[in-house]
1. Picking from T214, T189, which residue would you name as being without any contact (Cβ under 8 Å) to a residue 12 or more places away in the chain, of a type in the set (V, I, T) and surrounded by fewer than 17 Cβ atoms within 10 Å (Cβ to Cβ)?
2. With surrounded by 18 or more Cβ atoms within 10 Å (Cβ to Cβ) and modelled with pLDDT under 95 as the only criterion, which of H4, H36 stands out?
3. Hey, G83 hits all of (1) closer than 20 Å to I55 by Cα; (2) at pLDDT below 95; (3) more than 16 Å from ligand 2 (Cβ to nearest atom) but one; which does it fall short on?
4. Please verify whether the range 298-310 includes one or more residues that are in contact with a Pro (Cβ under 7 Å, 6 or more places away or on another chain) and modelled with pLDDT of 95 or more.
5. Filter the range 158-175 for residues that are away from ligand 2 (no atom under 16 Å from the Cβ) and farther than 18 Å from G229 by Cα; which is surrounded by the fewest Cβ atoms within 10 Å (Cβ to Cβ)?
6. Report, ordered by the first and then the second residue, all pairs with beta carbons closer than 8 Å, sequence separation of six or more or different chains, a first member in the range 72-84 that is over 9 Å from P328 (Cα atoms) and crowded, with 22+ Cβ neighbours inside 10 Å, and a second member that is at pLDDT 95 or above and of a type in the set (F, W, Y).
7. Looking at the range 111-137, which of its residues are touching an Asp or Glu at 6+ places or on another chain (Cβ under 9 Å), crowded, with 21+ Cβ neighbours inside 10 Å and not hydroxyl-bearing (S, T, Y)?
Amino acid sequence: MPVHILAIESSCDETSAAVITDGKVLSNIIANQTVHEQYGGVVPELASRAHQENIVPVVDQALKQAGVDRKDLNAIAFTQSPGLIGALLVGSCFAKALSLALEIPLIAVHHMQAHVLANFIEDPKPAFPFLCLTVSGGHTQIVLCESPLSMKVIGETLDDAAGEAFDKSAKLLGLPYPGGPLIDKYAQTGDPRRFRFPEPQIPGLNFSFSGLKTAILYFLQQHQLQDPGFVQANLADICASVQERIVSILINKLVKASKETGIKEIAIAGGVSANKGLRNALQQQGAKLGWNTYIPKFEYCTDNAAMIAITAWYKYLAGDFAGLDAVPSARAAF
Ligand code: KG4
Ligand code: ZN
């Protein structure tokens, strides 16, 4: 009999549900919450409310698209941490209720572990051990993966995440939230060497992006004093230069991690791995240094339930189930 698992992701501002059957993702429905755009960032209370509205139709659609009846489900998985607590509670309560009603086991998934395992949804998959640079709106980590469920963070940001660096830079440029994809878009036609932003000297494999944000702020203030139309006239070059620096900070640490560990299986994950500059730089470095590189398909890079589903599949195989007393947590290590 095939094993069907329903997975739910509700850690931030995407309500998503996916069905995985014997390790193969059959559906991945994502409802984006546009309500936050006017506030320039995710408003936690509004996110919880939108999850509550979206969760039933999103789950119904995921089951329908997969052609799986609710009664045939073998387990239900949910994102336990990290994330906005009110948002996580919606997914976890829904999953618990369904687990009770259907008398099927519950699987609790760590969102950051799931971002890494997004690389296992489709072929080719990385071989173990591999390194994964996980870059999202809330996290920037280099993770050493020994097996699907055995991972160690060997480097992380000391302040802002890479996604925040993109979004905050975009805000300074007057672009709407989330600005990361817009910086990426304008950077396409810009000169990445026109403006030089400083690269922080952080020891080891850790990152820092707060200095860059300050440097961009002063740079813009100085130029706009002389020419109020500076940003508008130079938007593409500024975006390309900002992106170039964020990407170089990320890639340089990844090169260091690869040299220190001797690992040449290199993956990226998380929302920022959708960035074209990062994807190109990874491929170029990879070709130069003899890496095998892995980048998930776009829909598996940003928050989605398919990555929760693939993680749940490995947990199902390992018999790693959660009790009804499992509590979501805003922050938790893995
Ligand atoms: O993983 P994700 O969807 O959500 C979190 O768990 O945070 O990542 C969202 C982040 C946002 O900061 C967004 O601006 C950034 O990923 N992002 C991008 C791109 N697409 C999404 N940043 C740069 N370039 C992109 N193309
Ligand atoms: Zn995420």
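The values are calculated or read from the model by the stated rules, or taken from the named source; none is laboratory data. Keep in mind that what you see is a predicted model, and the values were worked out from it rather than measured. Here the Cβ positions follow ideal geometry from the backbone for every residue, glycine too, while neighbour counts run over all protein chains shown.
1. Details: T189 fails: without any contact (Cβ under 8 Å) to a residue 12 or more places away in the chain.
Within the list T214, T189, the selection yields T214.
2. None of the other options fit; the residue is H36.
3. Here G83 clears every test but (3).
4. no
5. Initially, the range 158-175 is screened for residues away from ligand 2 (no atom under 16 Å from the Cβ), giving 158-159, 168-175.
Still in the running and farther than 18 Å from G229 by Cα: 158-159, 168.
Working: L158: 12, D159: 17, K168: 21.
So the residue we want is L158.
6. A75/Y316; A75/F321; F78/F94
7. H111, A114, H115, F130, L131, G137
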